[in-house]
Structures are given as structure tokens and as C-alpha cells.
Amino acid sequence: MYKRFMVTVFGLSLLCAKNSAADQLSIPLQIDYSLIKKVLVSQLYTGKNNAAELWNDRQGCSYLRLSNPEVGGKNGQIRLLNEVQARFGTGLGGQCLTVLEWAGILETLQQPTLDSGHSVLSFPVASATAYDHEGRHLTIGKLQDLINRFAEPRLAAVKIDLNESRSHIEQTLTHFLPKDNAAEVKAILKSLKFNNVAAGDDGIGIKLEFNAPAKKTAIQPAPAFSEAEQKQWQSAWREWESFLSSAIEQAAHDTKSPELRETLTEILMNSRTAFQAGLEEHDADAADPVRVFFTDTWGRLAPTLKTIANELPGTQGLRYITFIAATDAIYELERLAAPFGLDISSDGLRRLARILIAGKQQQTRARQAP
């Protein structure tokens with residue numbers, strides 16, 4: 001589903017052309033704490049009733065168990081609150097002799113950290129404090145020892161691998177860029193890294209950094225479509241529209257989101273009007289219909305995607321978050337005087353449409369060849 005959905009969105013949000021070389025861009029993205037909680041649950045809280053069984057002696061005499069995690073931010077760190085149950089005992093004559101039994105709250109402060117390869121996010125524990133249910137700080141040596149030995153290492157072992165996110169960005173971009181740009185795109189994405197991770201009030205902020213072309217491309221005006229080109233475009237558009245409609249239905253079904261279906265369907269309908277206006281001659285002093293369409297569209301679509309990201313299980317939502325960052329990068333590149341030949345405008349649409357028409361004609365000739 002994800003691949004078809006991203007094809008749909010990029011089909012409605014990307015127009016591009018050509019060029020090369022090196023200037024660094026930094027795009028912010030945020031991983032909300034609701035997603036961090038889902039990662040924790042999927043990797044650690046896998047026991048009965050979604051508890052984290054951190055340690056037990058296999059006899060039922062001793063154990064350390066966490067449950068009901070709540071994730072937030074505090075003083076530049078991740079604050080994790082858990083209900084904790086602990087018992088320490090020993091077997092005696094077939095019975096358990098309990099030495100310590102306790103239930104309360106465990107607060108850990110954890111520092112989000114990227115590995116040396118800037119691609120794996122982990123959460124080492126900076127401090128761990130136990131409280132009773134009245135909020136009193138407890139200093140029970142045996143309990144603290146269990147927390148240090150079993151809770152801290154397991155919490156620190158939770159990781160988010162961002163390599164998959166980078167792979168999805170590359171696959172999505174290369175799907176839509178012209179083939180003669182593929183080498184440049186790969187070179188740019190090879191330089192991509194995640195950096196400057198920090199915990200905020202609502203989530204973890206990360207910078208998405210990569211080398212963008214420093215050389216500016218002179219964007220030449222593209223003439224309006226002729227009558228013959230208009231007919232060819234209508235044929236190509238009908239096929240594209242049919243595919244996009246199918247992908248929209250699939251995406252909305254898989255995410256169980258009627259809001260997504262309504263948003264994408266309305267965008268698709270508006271795109272036909274905006275694109276048709278962009279292909280024709282229009283007042284040069286008026287707002288460009290294609291630019292207006294894409295700017296308004298992304299302003300509506302990005303919040304919808306972020307909402308969906310926070311509803312999906314596990315790390316699936318991370319795909320949407322990094323997609324939002326990737327699209328923000330496209331707009332930033334275009335804003336910087338088209339260093340990669342990006343041109344979100346009527347001229348850009350005309351160039352892209354002519355490429356699509358030429359490709360369709362080439363495919364037709366290939367099928368008809370003996």
C-alpha cells in the first residue's frame with residue numbers, strides 16, 4: 001500500500017528537470033512521542049497484557065515487570081513513566097519466600113542519540129527513579145539494583161533504524177525523476193544523513209541533511225500546448241487519473257481513513273483544472289495556477305499525512321514522516337532558485353507533460369514494431 005500511496009502523492013506534488021554539484025540543505029522533521037511509544041510497545045512490551053517482562057527467575061519467585069508506558073519530554077530529554085511491579089524472593093521447600101515486593105512508578109529520563117553512522121536512533125537512560133503511588137521517591141537498594149541491571153539496558157536497547165526511511169525516499173524520488181537525472185539523484189541521496197537529534201515537548205526533532213546541487217539552472221520558458229499536444233495530453237491524463245483514483249481508494253482503505261480519501265479525491269479533481277490552466281496561455285502578471293495548486297495542496301496534505309502517521313502501528317508512521325520531510329526538501333530546493341532544475345510552475349508542468357507524452361509515444365511504437 002505504501003508504495004502505491006506515495007506514487008499518488010508524488011504524482012500530485014513533483015515537477016522537475018536537471019543539473020549537478022554540491023550545497024548542503026537541512027530539513028527538520030519531528031517524530032512525535034505517540035510514535036515513540038508505539039516503537040517501545042512493539043519492541044519491548046511484548047508480554048502478557050502488553051507488559052514488558054524484563055526479568056524473572058522462571059520459578060515465579062522473582063520478577064521485574066513494566067507496563068502502561070507514557071512518553072513525553074522533560075528538560076531536553078525523553079521522559080518515560082511506567083507502572084512497575086517487582087518481587088524478589090527465593091524458593092524454600094517448594095514455596096516462594098518473598099524478600100521484596102513492590103509496585104509503583106518508574107521514571108526514566110533518556111537521551112535520544114544517533115549512532116556514528118547517523119542512521120540508528122537509540123535512547124540510552126540518563127537516570128532512573130522509582131516512586132510509590134503517592135509520588136514519594138524510594139531508595140530501596142535491592143529495587144534500584146534490579147532497575148540498573150534489567151530495566152535500563154532493555155530500555156536503552158530500543159532502536160529506530162532510519163536506513164529504511166532513506167531507502168523509501170530514494171525509491172520514491174527516482175520513480176518520478178527523468179532517467180537522465182537518476183545518477184545525480186543517487187549521488188545526492190548517498191550524502192543524506194540524519195543529524196542534530198533533540199528531545200522537545202511534543203517529540204524528537206531530527207535534521208535531515210544532504211548535499212544539494214550548488215549550480216543554478218537557468219529555467220527557460222516552455223511554450224503553451226498546441227491543439228495536437230492538448231489531445232495527446234488528454235489521452236495520457238485519462239490513464240494517469242484512472243491509476244491515481246485506484247491508488248487513492250487503496251490508500252484510504254488500507255489506512256481506514258475516510259479523511260484521506262476525501263482529501264486526495266478533492267486534490268485530484270482540483271489538479272485537472274489547475275493543470276489544464278497551466279498548459280494553456282495565461283496572464284503572466286497573474287498568480288501561476290500550477291504553483292498556487294501545489295502550494296495549497298501541500299499545505300492541506302502534510303497535516304493529514306502526519307495525523308495518519310500517528311495512527312499507524314509500530315514504525316509504519318515513520319514512512320509518512322520522512323516522506324513529508326522529503327517533499328519539504330523538494331520545495332526548499334525549488335525555492336533556492338532551482339539548483340536541481342526543479343520548477344513548480346506552469347513551465348515545469350509543460351516540460352514534464354511533454355516528457356510523459358514522448359514516453360507514451362515511444363512505448364506505442366515499441367509495441368507496434370514487428
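The values are calculated or read from the model by the stated rules, or taken from the named source; none is laboratory data. Just so you know, these numbers come straight off a predicted model, no measurement behind them. We place every Cβ from the backbone using ideal geometry, glycine too, and count neighbours over all the protein chains shown. Areas reflect the complete protein model, heavy atoms only, side chains present, ligands, DNA and RNA absent. Shrake-Rupley method; radii C 1.70, N 1.55, O 1.52, S 1.80 Å.
Annotations for the structure displayed:
- Residues of the stretch 263-298 satisfying the condition of being among the hydroxyl-bearing types (S, T, Y) and open to solvent by 30 Å² or more (accessible area, probe 1.4 Å): T265, T273, T295
- With respect to the conditions (1) modelled with pLDDT of 75 or more; (2) not in a loop (DSSP other than H, G, I, E, B), A224 lacks only one, and its number is (2).
- Considering only residues in the stretch 193-218 that are modelled with pLDDT under 90 and outside any strand (DSSP E or B), the one that is surrounded by the most Cβ atoms within 10 Å (Cβ to Cβ) turns out to be P213.
- Whichever residue in the stretch 275-311 is closer than 30 Å to I31 by Cβ and among the β-branched types (V, I, T) and, among such residues, is farthest from the chain's Cα centre (by Cα): T295
- Within this structure, L333 fails the test of being part of a helix (DSSP H, G or I), more than 15 Å from A274 (Cα to Cα) and modelled with pLDDT of 75 or more.
- Residues that are in a strand (DSSP E or B) and either open to solvent by less than 30 Å² (accessible area, probe 1.4 Å) or at pLDDT below 90 (or both), drawn from the stretch 104-113: G104, L106, E107, T108, L109, Q110
- Meets criteria (among the hydrophobic types (A, V, I, L, M, F, W, C), modelled with pLDDT of 85 or more and touching a helix residue (DSSP H, G or I) at 6+ places or on another chain (Cβ under 9 Å)) for V99: no
- All positions within the stretch 33-47 that are of a type in the set (V, I, T) and touching a Gly at 6+ places or on another chain (Cβ under 7 Å): V39
- Residues being in a strand (DSSP E or B) and among the polar types (S, T, N, Q) - total across the stretch 117-143: 3
- Filtered residues of the stretch 252-311 (kept if polar (S, T, N, Q) and in contact with a strand residue (DSSP E or B) (Cβ under 9 Å, 6 or more places away or on another chain)): N310
- Residue pairs whose Cβ atoms lie under 9 Å apart, separated by 6 or more positions or on different chains, with the first residue in the stretch 46-57 and loosely packed, with under 14 Cβ neighbours inside 10 Å and the second assigned to a strand (DSSP E or B) and of a type in the set (A, V, I, L, M), are T46/A52.
- Among the residues of the stretch 75-101, none is identified as open to solvent by 60 Å² or more (accessible area, probe 1.4 Å), under 42 Å from the mean Cα position of the chain (by Cα) and in contact (Cβ under 8 Å) with a residue 40 or more places away in the chain.
- Qualifying residue in the stretch 75-85 (condition: at pLDDT 90 or above and in contact with a His (Cβ under 8 Å, 6 or more places away or on another chain)): no
- Set L189, L146, L173: member being open to solvent by less than 60 Å² (accessible area, probe 1.4 Å), aliphatic (A, V, I, L, M), part of a helix (DSSP H, G or I) and at pLDDT 80 or above: L146
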